[in-house]
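The structure appears right after this line, and notes come after that.
The values are calculated or read from the model by the stated rules, or taken from the named source; none is laboratory data. None of these values were measured; they are calculated from a predicted model. Neighbour counts are summed over all protein chains in view; Cβ atoms, including those assigned to glycine, are modelled from backbone coordinates with ideal geometry. Just the protein is used for accessible areas: all its heavy atoms, side chains included, with ligands, DNA and RNA removed. Shrake-Rupley method; radii C 1.70, N 1.55, O 1.52, S 1.80 Å.
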Amino acid sequence: MRFLFLLPAFLICQPAFASDLPHYDSEGYCTAYATGPDGQLSKDIYDPCLTSEYFAQAQLDDRWSEISGTTRQLCDKAARSDRNDRSGSGSYGLFKDCIEKQERQAKDLPKPSN
């Protein structure tokens, strides 16, 4: 009986990953990406970076339901741990690139023979 009481709580507390696009700090990512070794922010790099991030986010949001949970988790981890991401917050562009790579690889797998 105790199990039935906990089941609703379990269903409510499922990770956001099941249905929601991960949140990345695009402004933080692009600031880190566009800041040179001298500490100066280059608007010529920052502005296109931010535009690219927002575009990638919109594309991912449009097709989120088509992306497998395994690919979501793998690519979220990759997007958050990329060595070029000095902000440590992750990137929609990196996330999108990873998903597209996973999809290309899946298409290139040989079909099982029966």
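Table for the structure above
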item: Qualifying position, being part of a loop (DSSP other than H, G, I, E, B), in contact with a Lys or Arg (Cβ under 9 Å, 6 or more places away or on another chain) and either at negative phi or modelled with pLDDT of 90 or more (or both), among Tyr33, Tyr29, Tyr24; result: Tyr24
item: Long-range neighbours under 9 Å by Cβ, at least six apart or interchain, first residue open to solvent by less than 80 Å² (accessible area, probe 1.4 Å) within segment 63-82, second of a type in the set (Asp, Glu) and in a helix (DSSP H, G or I); result: Ile67/Glu103; Thr71/Glu103; Cys75/Asp97; Ala78/Asp97; Ala79/Asp97
